[in-house]
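The values are calculated or read from the model by the stated rules, or taken from the named source; none is laboratory data. Predicted model, so just to flag it, every value in this text is computed and none were measured. In this analysis, Cβ positions are derived from the backbone assuming ideal geometry, glycine residues included, and neighbour counts consider all displayed protein chains.
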Amino acid sequence: TGDSKGNAFLVPGATMATILMLGALHARRLYEDKKIEEKREKGIELEFHQDVKASFLGILPLRSISRAWGSFMSLEIPVWMRPHAYKAWARAFHSNLEEAARPLEEYVSLQDFFVRSLKEGCRPIDPDPCCLVSPVDGTVLRFGELKGSRGMIEQVKGHSYSVPALLGNNSLLPMEPEGKNESEEEAVGDKSDNSWLRVSLASPKLRENISASPMKGLYYCVIYLKPGDYHRIHSPVDWNVMVRRHFAGRLFPVNERATRTIRNLYVENERVVLEGKWKEGFMALAAVGATNIGSIELFIEPDLRTNKPKKKLFPTEPPEERVYDPEGHGLKLEKGKEVGVFNMG
Amino acid sequence: STVVLVFQAPTANSPEDSSSSSDYRFCVKQGDRVRVGQALGR
């Protein structure tokens, strides 16, 4: 708005500086990713090492940053600029634009483009009834069988987190949660409140169909979604979802560096857990948010809101639970069906 | 963002059962890129 000649050059200068800074940050990230990849190829396993930067993240208002980021990404982009903006995004984060279901001009914002659906047939679902398919596009970080009564998953070499802590102490998980209160009382809430029904899952009501069997093992698989990946979540098998649990935790980043430097990352972050049963027994899917991808939307429960500003940030806060079917049959989901989506901010 | 799956599946009950065809086996490796609908294990 300045009318002097000096001010006229101020905005382009600042814009150029921002672009250069973002370019430098991206180049540094690519360089670090390459170094990590080289280490992995050499068989060097990265170890947990908490650092000062990670501690600093703990005092930042990450939830507010995430929400501001989401608002910025939801700004409408002029139609003529949309293809250029999305192509630039695709080049930076290796997205495949040919898979987008709609023409690029129809995505009004980067947020709209980010949660895009895919063309029919882009993701064929493995028809084998004995297989469990990937619910997302991403990179397999960890997988294996859970051993022992504590059910620990290794975050990285040198640090693990417990599955009951990830899924919740009221989990239907067919193992004894550590320190579970045996005298926990069943508490049925006010049914008039949006048909919400709060039931302590320590009761056998929903557990009876999911019993521990000596012939069944407990397995896990952790999949990381990069910013350029398709961000919708699909059902991994035919199953019945009985409970949804929402943990309003923190919103730390969940990238490679964060997994090596932030303790209990997945247990502290905001997440939505779906639990139920499939033909082989227990099934749970935990969608963990991050700073840039802060909110999780469920197509099976459109009213659910995550990354809300008023939520307390203490990870010890008990999760909100919703029982989809108090009778114990649950909500049926078909293999490959869209369940939810990760939103920006 | 990250997704964690936890599930029950058949397992070998003892070392003698380890060749059982009903065992659940992952068909991916650590660091593999996977896509929606691709088998993680059978």
> What number of residues in the stretch A:230-278 are part of a loop (DSSP other than H, G, I, E, B) and facing another protein chain (nearest Cβ under 9 Å)?
Replying inline: 5
> Are there any pairs, at least 6 apart or on different chains, whose C-beta atoms fall under 7 Å, with the first in the stretch A:4-26 and at pLDDT below 85 and the second part of a helix (DSSP H, G or I), and if so, which?
Replying inline: A:HIS26/A:ALA92
> Picking from A:ILE233, A:ILE262, which residue would you name as being within 29 Å of A:CYS131 (Cβ to Cβ) and either surrounded by 24 or more Cβ atoms within 10 Å (Cβ to Cβ) or of a type in the set (D, E, K, R) (or both)?
Replying inline: A:ILE233
> Of the residues that sit in the stretch A:93-122 and are buried (at least 18 other Cβ atoms within 10 Å of the Cβ) and over 20 Å from the mean Cα position of the chain (by Cα), which one is nearest to the other protein chains (Cβ to nearest Cβ)?
Replying inline: A:ALA100
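Okay, residues lined up against (1) within 15 Å of A:LEU298 (Cα to Cα); (2) of a type outside the set (S, T, N, Q); (3) surrounded by 22 or more Cβ atoms within 10 Å (Cβ to Cβ):
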| position | (1), (2), (3) |
| --- | --- |
| A:TYR224 | no, yes, no |
| A:ASP238 | no, yes, no |
| A:GLY249 | no, yes, yes |
| A:PHE252 | no, yes, yes |
| A:GLU270 | yes, yes, yes |
> What's the number of the condition A:GLY281 fails, among (1) within 10 Å of another protein chain (Cβ to nearest Cβ); (2) within 14 Å of the chain's Cα centre (by Cα)?
Replying inline: (2)
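Picking from A:ILE233, A:ILE210, A:ILE223, which residue would you name as being modelled with pLDDT under 95 and not aromatic (Phe, Trp, Tyr)? Before you say what the answer is, go through the steps one by one.
Values: A:ILE233 fails: modelled with pLDDT under 95; A:ILE223 fails: modelled with pLDDT under 95.
Testing whether each residue is modelled with pLDDT under 95 and not aromatic (Phe, Trp, Tyr) leaves just A:ILE210.
Taking the stretch A:46-65, which residues are loosely packed, with under 11 Cβ neighbours inside 10 Å and touching a residue at least 60 places away in the same chain (Cβ under 8 Å)? Break it down into steps so the answer makes sense when it comes.
Kept after step one, since they are loosely packed, with under 11 Cβ neighbours inside 10 Å, are these residues of the stretch A:46-65: A:47, A:52, A:56, A:59.
A:GLU47 - this is the single residue of the stretch A:46-65 that is loosely packed, with under 11 Cβ neighbours inside 10 Å and touching a residue at least 60 places away in the same chain (Cβ under 8 Å).
What helices (runs of 4 or more DSSP H), lying completely within the stretch A:44-127, carry at least 3 residues that are among the hydroxyl-bearing types (Ser, Thr, Tyr) and farther than 30 Å from A:LYS335 by Cβ?
Numbers: elements: A:52-57, A:62-73, A:82-93, A:110-114.
Once the helices (runs of 4 or more DSSP H) in the stretch A:44-127 are filtered for at least 3 residues that are among the hydroxyl-bearing types (Ser, Thr, Tyr) and farther than 30 Å from A:LYS335 by Cβ, what remains is A:62-73.
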> Within the stretch A:278-317, which residues are among the aromatic types (Phe, Trp, Tyr) and modelled with pLDDT of 90 or more?
Replying inline: A:TRP278, A:PHE282, A:PHE299
